[in-house]
């Protein structure tokens, strides 16, 4: 009887509109035993319309039921969504209260920055704020060096962790998300990783902020601004943006509908990630009944 229940829940979780392919998410089996109601799609709500994004995926976070899919196994550059794995490893292995001394290399990292300076002493926790809110490449490098001693070793850990999590179409070439032909992931893999990250209440506390201030041990203040302009709209509560020339506009978003059900979406390779995400979230709210 137990096996029959598992089979029934698996079948239910994988059912959605026939206009989309049916990807398989490699989440924990414990979620399949959820007693929460599964979302049911209205027959007259077939699609949110054409998205700009080249890849997209959406799930009901609690039951991990599929709500929308578009090219979710297509390998694509993911820009600063790379930092989700950087954060995952650091949260898994380091004490947030530990103090990091910023190297000259980390302070000079190119691209988006939270404004670290050489020799600055700052906590892992505050670097995570800089990583996930300001998308600081300097924060990513400082955390990688603190965790593994150097970036190269940390990047290997990122790829090892991707294998451990079953992210079969993900490979990292740096900690920041700067364009690299050997760096890629998929909408599917990013939702798996994001779901794991959201099990940490500290991550939720960070990514909900549109702005924030953190200080180093020497008192220097870093004012952080989130590029996710959708925070506070349509129940959106996080989670991470990314943009490069090769990746286009990317966004993983966590939203809560009026009944409290959490929706996790990802759009990759978009020319307008915010319009895509708003269309997708609004459609899900209207298209599904829990």
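None of the figures in this text is laboratory data; all of them are computed from the coordinates on show. As the structure is a computational prediction, the values presented were derived from the model and not from experiment. Counting neighbours? That spans all protein chains shown, and the Cβs are built from the backbone with ideal geometry, glycine included.
Let a ≥ b ≥ c be the square roots of the eigenvalues of the Cα gyration tensor of segment 44-92; is it rounded (a/c under 1.5), or, if not, prolate (a/b larger than b/c) or oblate?
Numbers: a/c = 3.25, a/b = 1.58, b/c = 2.05.
Oblate shape, in that a/c is at least 1.5 and b/c is the bigger or equal ratio.
Specify the angular offset, from 0 to 90 degrees and rounded to the nearest 10, of the alpha carbon long axis of helix 137-148 from the longest principal axis of the alpha carbons in the chain.
Helix 137-148 sits at roughly 80 degrees to that axis.
What is the Cα coordinate range of the chain on the first, second and third principal axes, sorted by size from largest, in whole angstrom?
Sorted largest first, the three principal extents are 59, 38, 35 Å.
Okay, helix-only estimate at 222 nm for the chain: each DSSP H run of n ≥ 4 adds -39500 (n - 2.57), divide by all residues, round to 500 deg cm²/dmol; what do you get? Provide the component values of the computation, followed by the final result.
Details: 9 runs with 95 residues, N = 290.
After summing the helix terms and dividing by the residues of the chain, the value is -10000 deg cm²/dmol.
Counting pairs of alpha carbon atoms under 8 Å apart in space and at least six apart in sequence, what relative contact order in percent does the chain give?
Details: 603 pairs, mean separation 67.3, N = 290.
Averaging sequence separation for qualifying contacts and normalising by length gives 23 percent for the chain.
Would you mind checking the tilt of helix 83-93 against the longest principal axis of the Cα atoms of the chain, expressed as 0 to 90 degrees and rounded to 10?
Helix 83-93 sits at roughly 80 degrees to that axis.
Points 7 angstrom from Cα along the Cβ direction at residue 73 and residue 282: gap in nanometres?
The answer from the label model is 3.2 nm.
If one puts a single equal scatterer on every Cα of segment 72-137 and applies the Debye formula without solvent, what log₁₀ I(q)/I(0) results at q = 0.11, 0.15, 0.25 Å⁻¹?
Listed by q, the Debye log ratios stand at -0.28, -0.50, -1.18.
Let's test this: bin the Cα-Cα distances of segment 219-290 at 10 Å from zero up to the farthest pair and state each bin's percent.
Bin by bin from 0 Å, the calculated values are 19, 48, 23, 9, 2, 0.
Calculate how steeply helix 2-13 sits against the longest principal axis of the alpha-carbon atoms of the chain, using the helix alpha-carbon long axis, and give the answer as 0 to 90 degrees to the nearest 10.
80 degrees
Cα centroid distance between segment 266-290 and segment 144-201, in Å?
That distance is 25 Å.
Report relative contact order for segment 153-192 in percent, whole number only (criteria: Cα-Cα under 8 Å, sequence separation at least 6). Before the final figure, lay out each step's value.
Numbers: 36 pairs, mean separation 14.0, N = 40.
This gives 35 percent for segment 153-192.
Which of 188, 222, 171 moves the most in a Gaussian network model of the chain with Cα springs under 10 Å?
222
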